[in-house]
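Since the structure comes first, as structure tokens, the remarks are kept for the end.
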Amino acid sequence: MSVSGLNRIEKKAAFSLASVFGVRMLGLFMILPVFAIYGEQLTGYSPMWLGLAIGAYGLTQALLQIPMGILSDKFGRKPVILAGLVVFLIGSVIAAMSDTIYGVVLGRAVQGMGAIASAILALAADLSREEQRPKVMATIGMCIGLSFTLAMILGPIVADVFGLSGLFWFTGLLTIIAMFMIQFMVPNSVNKAPRGDSVALPAQILTLIRHPQLSRLNWGVFILHMALTACFVTLPKQFIASGLALENHWQIYLPTLLGSFFLMVPFMIIAIKKQKETPMFSAAVTLLTVALFSLWLLPTGFWSLVLSMVLFFTAFNYLEATMPSILSRIAPAGLKGSVMGVYSSSQFLGAFVGGILGGFIASQYGEQTIFLVMAIASLVWLLLTFGMQKLKKSKSFSFATSITCEQEAEQMAEQLINMPGVIEATLVHTEAVAYLKVDEKSVDLLAVKALLQG
């Protein structure tokens with residue numbers, strides 16, 4: 001079993017779980033580029049209800065993300081993921097059969113109740129070794145980004161051919177495909193990652209919410225997804241006003257998103273090669289702020305919209321790809337599951353607030369004001385980034401230990417933290433596991449293992 005690359009089970013887990021995650025997110029995202037137009041045909045339409053329909057899934061996702069992860073720890077990953085997909089399918093059917101805006105809101109809220117993200121990430125942790133886990137998680141992250149791109153392209157095409165209800169029926173079909181993939185493609189769990197690494201621990205949530213560095217990222221992902229959802233309350237209408245028919249919107253989303261992927265490469269290179277991750281992070285938030293202000297200030301024309309969208313998605317894609325990586329590096333040892341739980345809940349809550357706020361602003365102050373409010377929120381985020389600490393190069397490991405009591409755990413933790421290259425050590429005697437954050441260049445892992453197993 002090679003430690004330098006993914007083994008057969010890890011490759012299969014990475015591909016299948018990334019596909020399941022991507023298929024499900026594709027169904028959630030496809031509504032974004034079309035609902036501002038098709039929603040007007042529904043009984044009971046108003047800008048407020050439109051925003052609620054777009055963001056409703058975010059509230060139920062945010063509320064149930066952590067409980068579903070805990071349930072997967074108790075009843076098994078696959079049963080909870082399958083149950084979540086069934087709930088998501090029910091929500092898709094409710095939305096597809098509704099001819100009122102209220103029915104669509106209900107359907108979207110039920111979709112969000114199938115909150116399987118934490119359970120999928122926990123299963124990915126179970127099926128991968130510690131040193132290969134970042135690659136598996138990165139594969140899942142890339143697939144989410146790809147699903148968003150495909151959703152922007154497929155949404156207008158599917159809605160043009162089959163209508164709004166057809167869009168939800170298509171989402172239901174994707175969900176059934178995901179269920180078969182979970183059942184027949186995803187390997188059964190062959191090893192169990194330490195609990196703190198894979199699922200959220202409720203006792204730690206409040207402490208992590210108050211963590212000064214983690215809270216900056218949690219607020220950041222909240223604002224990022226709030227801005228995304230709020231902007232799509234009005235963006236499709238603006239493209240139509242600029243002369244582009246809805247069925248042709250994919251012609252602008254495809255080059256815009258592809259262009260933004262190329263433009264984010266310099267950000268990545270400078271951040272990694274020059275070790276300027278924190279400054280480049282602030283630069284990306286600055287670019288997001290500029291994009292939102294340009295959407296507000298520039299005349300609503302085709303090319304000004306294209307320019308603003310390229311800037312927006314360059315920043316969005318870079319931040320979306322970078323934040324989970326930063327999060328895992330500053331997460332306290334042994335609490336990655338809890339950290340990701342809070343982060344995911346913040347992300348989905350941002351989507352909900354964005355829909356509500358976008359609809360409210362559009363109904364009270366005009367749709368153009370949405371961009372101004374989101375630009376101000378992004379500016380607040382930019383100010384928060386100035387307090388980010390420089391990231392240390394580190395790697396996290398978990399080891400089985402011989403400890404049996406709390407006193408022994410405290411003594412061993414003290415010995416570990418004094419060893420060269422050990423940045424942080426957390427020992428959980430009830431699980432007989434040690435979580436370590438280390439500097440790989442200076443740590444002696446053999447000496448660490450010898451101490452832990454002595």
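The values are calculated or read from the model by the stated rules, or taken from the named source; none is laboratory data. Quick caveat: nothing in here was measured; it's all calculated off a predicted structure. In this analysis, Cβ positions are derived from the backbone assuming ideal geometry, glycine residues included, and neighbour counts consider all displayed protein chains.
Test ILE376 against the criterion of being among the aliphatic types (A, V, I, L, M), free of Cβ contacts under 8 Å to residues at least 24 places away in the same chain and within 30 Å of MET48 (Cα to Cα), and give yes or no. Lay out the reasoning, then the answer.
On the way: among the aliphatic types (A, V, I, L, M): yes; free of Cβ contacts under 8 Å to residues at least 24 places away in the same chain: yes; within 30 Å of MET48 (Cα to Cα): yes.
The answer is yes for ILE376.
The residue list VAL136, VAL104, VAL158, VAL87 contains one member that is part of a helix (DSSP H, G or I), assigned by TED's automatic domain parsing to the domain that holds GLY337 and touching a Phe, Trp or Tyr at 6+ places or on another chain (Cβ under 6 Å), which is VAL158. The set of residues in the range 347-394 being of a type in the set (S, T, N, Q) and buried (at least 23 other Cβ atoms within 10 Å of the Cβ) consists of GLN347, SER378.
Looking at the range 86-107, is at least one residue modelled with pLDDT under 90, surrounded by 22 or more Cβ atoms within 10 Å (Cβ to Cβ) and under 21 Å from ILE356 (Cα atoms)?
Of the residues in the range 86-107, the ones modelled with pLDDT under 90 are none.
The answer is no; no qualifying residue exists.
Is it fair to say LEU28 is on the phi < 0 side of the Ramachandran plot, touching a residue at least 24 places away in the same chain (Cβ under 8 Å) and out of contact with any Ser or Thr (no Cβ under 9 Å at 6 or more places or on another chain)? Even if it seems obvious, please write down each step before you answer.
Details: on the phi < 0 side of the Ramachandran plot: yes; touching a residue at least 24 places away in the same chain (Cβ under 8 Å): yes; out of contact with any Ser or Thr (no Cβ under 9 Å at 6 or more places or on another chain): no.
Judged against the criteria, LEU28 is not a match.
Does LEU379 qualify as being of a type outside the set (D, E, K, R), closer than 22 Å to ARG329 by Cα and under 32 Å from the mean Cα position of the chain (by Cα)? Give the derivation first.
Working: of a type outside the set (D, E, K, R): yes; closer than 22 Å to ARG329 by Cα: no; under 32 Å from the mean Cα position of the chain (by Cα): yes.
The answer is no for LEU379.
Criterion first (farther than 29 Å from ALA283 by Cβ and in a helix (DSSP H, G or I)) does PHE399 satisfy it? Here the answer is no, as PHE399 does not meet what is asked.
Would it be correct to say that SER304 is part of a helix (DSSP H, G or I), of a type outside the set (Phe, Trp, Tyr) and either within 20 Å of VAL285 (Cβ to Cβ) or modelled with pLDDT of 85 or more (or both)? Taking the combined requirement at face value, the residue satisfies it. Of all residues in the range 66-91, those that are aliphatic (A, V, I, L, M) have Cβ atoms under 9 Å from Cβ atoms of residues that are surrounded by fewer than 24 Cβ atoms within 10 Å (Cβ to Cβ) and not in a helix (DSSP H, G or I), 6 or more apart or on another chain, in ILE70/LEU201; ILE81/VAL186.
Being modelled with pLDDT under 85 and assigned to a helix (DSSP H, G or I): is that true of GLN204 here? So GLN204 fits the description; yes.
For (1) at pLDDT 85 or above; (2) hydrophobic (A, V, I, L, M, F, W, C), each residue gets a yes or a no:
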{"position": "ILE37", "(1), (2)": "yes, yes"}
{"position": "LEU42", "(1), (2)": "yes, yes"}
{"position": "TYR45", "(1), (2)": "yes, no"}
{"position": "ILE70", "(1), (2)": "no, yes"}
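Counting the residues of the range 65-80 that are hydrophobic (A, V, I, L, M, F, W, C) and surrounded by 22 or more Cβ atoms within 10 Å (Cβ to Cβ) gives 3. In the range 259-310, the residue that is surrounded by the fewest Cβ atoms within 10 Å (Cβ to Cβ) out of those that are more than 24 Å from the chain's Cα centre (by Cα) and aromatic (Phe, Trp, Tyr) is TRP303. For LEU319, the conditions (1) buried (at least 18 other Cβ atoms within 10 Å of the Cβ); (2) out of contact with any Phe, Trp or Tyr (no Cβ under 8 Å at 6 or more places or on another chain) all hold with the exception of (2). Counting just the residues of the range 332-345 that are among the small types (Gly, Ala, Ser) and surrounded by 24 or more Cβ atoms within 10 Å (Cβ to Cβ), which one comes out nearest to VAL433 (Cα to Cα)? Out of the qualifying residues, it is GLY334. Exactly one residue out of MET419, MET323, MET374, MET412 is at pLDDT 80 or above and not in a helix (DSSP H, G or I), and it is MET419.
Taking GLY243, is it on the phi > 0 side of the Ramachandran plot and of a type outside the set (D, E, K, R)?
Details: on the phi > 0 side of the Ramachandran plot: yes; of a type outside the set (D, E, K, R): yes.
Yes.
Applying a threshold of 6 Å to beta carbon distances and a minimum spacing of six or more residues, or different chains, the list of pairs starting in the range 404-429 at a residue that is assigned by TED's automatic domain parsing to the domain that holds GLU440 and ending at one that is buried (at least 18 other Cβ atoms within 10 Å of the Cβ) and aromatic (Phe, Trp, Tyr) reads THR426/TYR435.
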